[in-house]
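Colleague: Please find one structure pasted underneath; my questions will follow.
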Amino acid sequence: MSERRPLIAGNWKMNGMRAEARRLAVEIGTLRMSQPDAEFDMLVCPPFTALEAVGQVLENTSVYLGGQNCHASEKGAHTGDISPAMLADVDCTHVILGHSERRTDHQETNEQVKAQAQAAHAQSLIAIICVGETLEERESGKALEVVCEQIKASVPGDASYGNTVIAYEPVWAIGTGKVATPADVQEMHSDIRKTLSEMLGSEEAEGIRILYGGSMKPENAKELLALDDVDGGLIGGASLKAEDFWTIAQSCPSIS
Ligand code: PGA
C-alpha cells in the first residue's frame, strides 16, 4: 500500500567494535543527510556495547537506533539480559525481537517474543517482530501456515502500526545468499497482513509495515521492495557496508 513509508533496517548482529561501529555510523548518517527528504526511514541495530557510541554519532541525523533484543522484565535478576528501559535510556527507538538466531541459539518462544513486545511497547519502543519458516517447512508446503501461526502467537493484542513492524525472514535465506522468489515473498506478506487484519482489524493491518529479510542486497532489493506488501527490509550482511545499505535504501519505490 502506497502510504506505508518504507523502513530500511540494518541488523549488525554480533559485529562491530566501537571504533568500527562509529565509522560505519558516520558513513550511514552522512549518506542519509545527503538526501534528508528521501521518503524512507533508516534504522541501525548495533550490538549493545556500541549503542551509545553509535547513538552519539547519529544524534543529528534522521537515522534511528535500535537494539537487537530485550528482556520482558523491567529490571531485576536476569544476568546477561537488557531491559527495554535500558534501550530507551540510550535513545533507542526500536528493538528487533524473535530473530531466528535468538529463537535457535536461545530457544526463545513465541510466547516470550509476545511478552518482550509488550514490554517494549510499554517503553514506547517500536517492536520489530521476526517470523520465518525453515527450509524443511518450506519444502513440505507448510511455510504459510507456520509463519501465520508465529504471527498469531508472537504479536501482542496491543500491537498497532505505530508500535509494531513485522519482519518476514525465511530462515534458509538468512546469510546464505539464497533469496525467496518475489512471488513467494508477496504471497507470504499478503497472508501475514490478512492474519494481522483478523487479529487487530484492517486499519492497523493496512498500516503495519512488513519487512523482508534474508540475503537482501543491492542486486535484488529493487525487485523485492517493489512488491505490494513489502514495506522495507531487515538487512544483515549488506548493512555492514554503508554504500550497499544506502543503495538498498535508494531502491525503495517512491511513495505515491
Ligand atoms: P542477511 O541477514 O541479510 O545477512 O541474510 C538478515 C537478518 O538476519 O536479519
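The values are calculated or read from the model by the stated rules, or taken from the named source; none is laboratory data. Just so you know, these numbers come straight off a predicted model, no measurement behind them. So basically every Cβ, Gly included, is an ideal-geometry build from the backbone, and we count neighbours across all protein chains shown.
Colleague: Within segment 151-180, how many residues turn out to be among the charged types (D, E, K, R), within 17 Å of H99 (Cα to Cα) and away from the ligand (no atom under 16 Å from the Cβ)?
Modeller: 1
Colleague: Return yes when T247 is surrounded by fewer than 18 Cβ atoms within 10 Å (Cβ to Cβ), of a type in the set (S, T, Y), over 22 Å from L31 (Cα atoms) and within 16 Å of the ligand (Cβ to nearest atom) and no when it is not.
Modeller: no
Colleague: Follow-up question, since we're still on this one. Kindly establish whether L225 is under 25 Å from L135 (Cβ atoms), near the ligand (Cβ under 10 Å from one of its atoms) and modelled with pLDDT of 95 or more.
Modeller: Criteria not met by L225.
Colleague: Give the number of residues within segment 51-70 that are touching a helix residue (DSSP H, G or I) at 6+ places or on another chain (Cβ under 7 Å) and not hydrophobic (A, V, I, L, M, F, W, C). Can you show your working first?
Modeller: If we filter segment 51-70 for residues that are touching a helix residue (DSSP H, G or I) at 6+ places or on another chain (Cβ under 7 Å), which is where we start, we get 53-54, 57-58, 61-63, 65, 67, 69-70.
Subset that is not hydrophobic (A, V, I, L, M, F, W, C): 61-62, 67, 69.
Total meeting the criteria: 4.
Colleague: Could I ask something else about it? Can you pull out every residue in segment 81-106 that is over 17 Å from the mean Cα position of the chain (by Cα) and within 16 Å of the ligand (Cβ to nearest atom)?
Modeller: Those that are over 17 Å from the mean Cα position of the chain (by Cα) and within 16 Å of the ligand (Cβ to nearest atom): T104, D105, H106.
Colleague: Moving on. Among the residues of segment 98-107, are any on the phi > 0 side of the Ramachandran plot and crowded, with 20+ Cβ neighbours inside 10 Å? It would help to see each step written out before you state the result.
Modeller: Restricting attention to segment 98-107, the residues satisfying the condition of being on the phi > 0 side of the Ramachandran plot are 98, 107.
When the remaining residues are screened for being crowded, with 20+ Cβ neighbours inside 10 Å, the result is 98.
Yes, segment 98-107 contains at least one residue that is on the phi > 0 side of the Ramachandran plot and crowded, with 20+ Cβ neighbours inside 10 Å.
Colleague: Specify the residue that is farthest from N110 (Cα to Cα); the eligible residues are those in segment 53-70 that are crowded, with 20+ Cβ neighbours inside 10 Å and not hydrophobic (A, V, I, L, M, F, W, C).
Modeller: Going through the qualifying residues, I end up with G66.
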